[in-house]
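First up is the structure itself, then whatever we jot down about it.
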Amino acid sequence: MASKRDDKAPKVIMLTITGPNGEKWGELVGAAKEFKTGSVGFYASGKIVNPDNPEASYQIGCNITLIGSKSDD
């Protein structure tokens, strides 16, 4: 069975991280990626900051994978 692809997906997506009340912690750029597993999707990494405590920053690494995109090889 052939692996799934999304020809209409952009090359870049934006991720906005918010708290439960809508307070913005930061934004990350997710770039299109083919993972070592053969799956495709996006990868984003960066830092965000707690808006209520600017001294508290967090590191993020995020894989966003298209379901069914792993190659069958």
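The values are calculated or read from the model by the stated rules, or taken from the named source; none is laboratory data. A quick note: this is a predicted structure, and the numbers were derived from the prediction, not measured. In this analysis, Cβ positions are derived from the backbone assuming ideal geometry, glycine residues included, and neighbour counts consider all displayed protein chains. These area figures cover heavy atoms from the full protein model, side chains too; ligands, DNA and RNA do not enter into them. Shrake-Rupley method; radii C 1.70, N 1.55, O 1.52, S 1.80 Å.
Can you name the condition, by its number, that Ala2 falls short on among (1) at pLDDT below 95; (2) hydrophobic (A, V, I, L, M, F, W, C); (3) surrounded by 13 or more Cβ atoms within 10 Å (Cβ to Cβ)?
(3)
For region 37-64, how many residues are part of a loop (DSSP other than H, G, I, E, B) and either of a type in the set (Val, Ile, Thr) or exposed (fewer than 14 other Cβ atoms within 10 Å of the Cβ) (or both)? Explain how you work it out, then say what you get.
In the first step, residues of region 37-64 are kept if they are part of a loop (DSSP other than H, G, I, E, B); the result is 37-39, 50-56.
Right, trim to either of a type in the set (Val, Ile, Thr) or exposed (fewer than 14 other Cβ atoms within 10 Å of the Cβ) (or both) and you get 37-38, 51-56.
Result for region 37-64: 8.
Report the residue count in region 14-36 for those that are under 12 Å from Leu66 (Cα atoms), part of a loop (DSSP other than H, G, I, E, B) and open to solvent by 40 Å² or more (accessible area, probe 1.4 Å).
Qualifying residue count, region 14-36: 0.
Condition check: open to solvent by 70 Å² or more (accessible area, probe 1.4 Å), aliphatic (A, V, I, L, M) and farther than 15 Å from Lys11 by Cα. Does Ile67 satisfy that?
yes
Which number in (1) surrounded by 10 or more Cβ atoms within 10 Å (Cβ to Cβ); (2) under 13 Å from the mean Cα position of the chain (by Cα); (3) not β-branched (Val, Ile, Thr) marks the one condition that Lys11 misses?
In the conditions (1) surrounded by 10 or more Cβ atoms within 10 Å (Cβ to Cβ); (2) under 13 Å from the mean Cα position of the chain (by Cα); (3) not β-branched (Val, Ile, Thr), Lys11 misses (1) alone.
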